Amino acid sequence: PRALFDFLSSCNDAFSSLGAKVPVLYAIDNEGGEVFRTVGLTTRIPSASFVASKFSPAEAKAFYESSGRQLSLMGLHLNLAPIAEAETPLNVDFLGTRSYSQSVDTVVSFSGAAIEGFRSGGILSAMKHFPGSGKSDPHEGISVLDAPKKEFDSVYVEPFRQLISVAPDAVLVSHCIVPSIEPDVPFCLSKKGVTD
């Protein structure tokens, strides 16, 4: 932990010496379970599905607050978490245990607890992957979220819509293609999707 803190401090000094007008924001992808980047540095975070099956939302908030405090003490600012997607037959192969539940209500409760917990621990959050994920890993090829419009709104977009009231610090936008919005453009590059 001290080595990471010292490294980030030296980066801050370097950016400052270059005349940076704003401080640098250090982000990490540390959701828990399979996506845990601070092995050996912080307390292990279990997967989202484990958290939702074993903790209450209040317990999860306290757990994420402790995790956020550890990240903050090392000089990090933003965690690219939580995943605010409900598990569906379309995304389960990609997300696995990274989703809190098949239930939109459960996803909203635990994602909200994560956002609030990280915030209390001194870490900003980016809920993801808006508006959702498809079957395949978008890091390895084209992923398509081909859901009918009604399902797209009620299952995929709805958790994000509800979580806006928790005031997440950022929203990480998916790069899957959503044919019902724009058929040949990754969502993150789609004006219809992101702006409209």
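Test of understanding: among ALA114, ALA147, which residue is open to solvent by less than 50 Å² (accessible area, probe 1.4 Å), assigned to a loop (DSSP other than H, G, I, E, B) and either over 22 Å from ALA27 (Cβ atoms) or not acidic (Asp, Glu) (or both)?
ALA147
Given the options ASP93, ASP105, name the one that is surrounded by fewer than 19 Cβ atoms within 10 Å (Cβ to Cβ), modelled with pLDDT of 95 or more and in a helix (DSSP H, G or I).
Only one candidate passes the filter, namely ASP105.
Checking the structure you have, find out if any residue of region 58-66 is closer than 18 Å to LEU172 by Cβ, assigned to a helix (DSSP H, G or I) and modelled with pLDDT of 95 or more.
yes
Can you pull out the residues in region 21-41 that are over 17 Å from the mean Cα position of the chain (by Cα) and either assigned to a strand (DSSP E or B) or within 21 Å of ALA170 (Cβ to Cβ) (or both)?
Passing the criteria: LYS21, VAL22, PRO23, VAL24.
Listed here are the residues, each with its yes/no results for (1) over 14 Å from ASN30 (Cα atoms); (2) in contact with a helix residue (DSSP H, G or I) (Cβ under 9 Å, 6 or more places away or on another chain); (3) without any contact (Cβ under 8 Å) to a residue 40 or more places away in the chain.
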{"position": "THR42", "(1), (2), (3)": "no, yes, no"}
{"position": "SER56", "(1), (2), (3)": "yes, yes, yes"}
{"position": "LYS61", "(1), (2), (3)": "yes, yes, no"}
{"position": "ARG69", "(1), (2), (3)": "no, yes, no"}
{"position": "MET74", "(1), (2), (3)": "no, yes, no"}
{"position": "LEU80", "(1), (2), (3)": "no, no, no"}
{"position": "GLU87", "(1), (2), (3)": "yes, yes, yes"}
{"position": "SER125", "(1), (2), (3)": "no, yes, no"}
{"position": "SER133", "(1), (2), (3)": "yes, yes, no"}
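The values are calculated or read from the model by the stated rules, or taken from the named source; none is laboratory data. What you see is a predicted model, and the numbers here were worked out from it, not measured in a lab. Cβ: placed from backbone, ideal geometry, glycine included. Neighbour counts: every protein chain shown. Please note that ligands, DNA and RNA were not included when accessible areas were found on the heavy atoms of the full protein model with its side chains. Shrake-Rupley method; radii C 1.70, N 1.55, O 1.52, S 1.80 Å.
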